[in-house]
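Novice: Below you will find the structure I want to go over with you.
The values are calculated or read from the model by the stated rules, or taken from the named source; none is laboratory data. Because the structure is a prediction, the values reported are computed rather than measured. No Cβ is skipped: glycine too gets one built from the backbone with ideal geometry, and neighbour counts run over all protein chains shown.
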Amino acid sequence: MTGNALLVHGLSSDSESWWRVAAALEADGWDVATVDLRGHGYGARAESYALTDYARDLDDGWDLVVGHSLGGAASVLAAQRPHFTKLLVLIDPVLDVPVADEAAIVAEQVAELEFTAESLARDKPHWHERDRAAKLAGVQRVDPFAVTRTFSDTGRWDVRGEARALTVPTLILTGDPEVYTMVEPELARELGAVAIAGAGHSPHRDKPEETLAALREWLAAHQ
């Protein structure tokens with residue numbers, strides 16, 4: 001099966017973060033579109049940055065949607081609509097932000113706004129230089145208010161129930177629990193998630209070959 005595919009980025013990234021995945025899917029025959037979410041990249045600035053707002057911005061009618069992190073959570077909500085997508089792939093989606101952890105997670109996200117080319121090269125030496133450049137561009141272009149208000153406007157960040165209720169065929173690829181993942185291990189087992197060995201929160205940037213291989217294998221099984 002091929003058709004039209006939508007790629008949905010994570011917080012403080014934008015459409016450029018999908019350069020490798022987009023090229024791979026296009027090589028396999030998919031017609032690929034990417035999106036700059038509200039407040040990100042060249043997307044419009046907004047009055048509200050709740051998860052429901054991001055989900056509402058995503059159009060229906062896709063054969064495949066791939067969402068990372070925030071984009072994964074928004075895609076889970078959008079997939080509650082019957083005509084959103086025929087296939088769904090979630091890459092280390094943020095399905096739940098525990099109340100006790102929220103302040104630390106927000107602080108980490110705000111700290112990303114201070115990334116420089118030098119700090120990314122130091123902290124992400126395993127990333128392709130184009131991934132580092134795309135992440136740097138993402139944090140430079142994001143509306144700083146979007147970073148904090150995605151949490152405050154959302155309130156209690158918890159789409160675990162919606163993830164459990166998905167009826168569309170779904171692949172969840174997580175980071176390695178021994179490295180870092182935003183998907184709690186018990187929930188990952190419950191949802192049948194596949195961990196990418198050696199990857200952190202961005203498997204498509206940390207372990208791109210392994211991530212693309214898992215994605216392609218799953219898509220081939222759903223031809």
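Novice: Just for the stretch 102-122: of the residues that are charged (D, E, K, R) and either surrounded by 11 or more Cβ atoms within 10 Å (Cβ to Cβ) or touching a His at 6+ places or on another chain (Cβ under 7 Å) (or both), which one is nearest to residue 19 (Cα to Cα)? Working first, answer last.
Specialist: The initial filter retains those residues of the stretch 102-122 that are charged (D, E, K, R), namely 102, 108, 112, 114, 118, 122.
Filter once more, so that each one left must be either surrounded by 11 or more Cβ atoms within 10 Å (Cβ to Cβ) or touching a His at 6+ places or on another chain (Cβ under 7 Å) (or both): 102, 112.
Details: 102: 30, 112: 20 Å.
That would be 112.
Novice: Which of the residues that make up the stretch 195-223 are without any contact (Cβ under 8 Å) to a residue 24 or more places away in the chain and closer than 19 Å to residue 75 by Cβ?
Specialist: Scanning the stretch 195-223 gives a single hit, 196.
Novice: Within the stretch 5-16, can one find any residue that is under 27 Å from residue 106 (Cβ atoms) and in contact with a Lys or Arg (Cβ under 7 Å, 6 or more places away or on another chain)?
Specialist: Within the stretch 5-16 (the criterion being under 27 Å from residue 106 (Cβ atoms) and in contact with a Lys or Arg (Cβ under 7 Å, 6 or more places away or on another chain)), the answer is yes, since at least one residue qualifies.
Novice: Mind checking which residues of the stretch 125-134 are in a helix (DSSP H, G or I), surrounded by fewer than 15 Cβ atoms within 10 Å (Cβ to Cβ) and out of contact with any Phe, Trp or Tyr (no Cβ under 8 Å at 6 or more places or on another chain)?
Specialist: 129
Novice: From the list 94, 76, pick out the single residue that is modelled with pLDDT of 95 or more, crowded, with 19+ Cβ neighbours inside 10 Å and under 20 Å from residue 222 (Cβ atoms).
Specialist: Residue meeting the stated conditions: 76.
Novice: Could you go through the stretch 109-118 and let me know if any residue there is hydrophobic (A, V, I, L, M, F, W, C), under 17 Å from residue 68 (Cβ atoms), at pLDDT 95 or above and part of a helix (DSSP H, G or I).
Specialist: Looking for residues that are hydrophobic (A, V, I, L, M, F, W, C), under 17 Å from residue 68 (Cβ atoms), at pLDDT 95 or above and part of a helix (DSSP H, G or I), one finds none in the stretch 109-118, hence no.
Novice: In the list 103, 111, 24, which residue meets the criterion of being touching a Leu at 6+ places or on another chain (Cβ under 6 Å) and within 22 Å of residue 202 (Cα to Cα)?
Specialist: Being touching a Leu at 6+ places or on another chain (Cβ under 6 Å) and within 22 Å of residue 202 (Cα to Cα) holds for just one of 103, 111, 24, which is 24.
Novice: Sticking with this structure for a sec: State which residue pairs qualify: first residue within 24 Å of residue 39 (Cα to Cα) and inside the stretch 148-168, second residue aromatic (Phe, Trp, Tyr) and assigned to a helix (DSSP H, G or I) in any location, beta carbons under 7 Å apart, and separation of 6 or more residues or different chains.
Specialist: 157/151
Rundown of residues vs (1) at positive phi; (2) crowded, with 21+ Cβ neighbours inside 10 Å; (3) not in a loop (DSSP other than H, G, I, E, B), yes/no style:
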site	(1), (2), (3)
5	no, yes, yes
12	yes, yes, no
39	yes, yes, no
56	no, no, yes
72	no, yes, yes
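Novice: Kindly indicate whether any position in the stretch 60-77 is of a type in the set (Gly, Ala, Ser), under 20 Å from residue 166 (Cβ atoms) and without any contact (Cβ under 8 Å) to a residue 24 or more places away in the chain. Explain how you work it out, then say what you get.
Specialist: So in the stretch 60-77, the residues of a type in the set (Gly, Ala, Ser) come out as 61, 67, 69, 71-75.
Next, from what is left, pick out any that are under 20 Å from residue 166 (Cβ atoms): 61, 67, 69, 71-75.
So of that shortlist, the ones also without any contact (Cβ under 8 Å) to a residue 24 or more places away in the chain come out as none.
No: the stretch 60-77 contains no residue that is of a type in the set (Gly, Ala, Ser), under 20 Å from residue 166 (Cβ atoms) and without any contact (Cβ under 8 Å) to a residue 24 or more places away in the chain.
Novice: Pairs please, first residue from the stretch 22-40 and farther than 19 Å from residue 145 by Cβ and touching a residue at least 40 places away in the same chain (Cβ under 8 Å), second anywhere and surrounded by fewer than 19 Cβ atoms within 10 Å (Cβ to Cβ) and among the charged types (D, E, K, R), Cβ atoms under 8 Å, 6+ apart in sequence or on different chains.
Specialist: 24/216; 28/216
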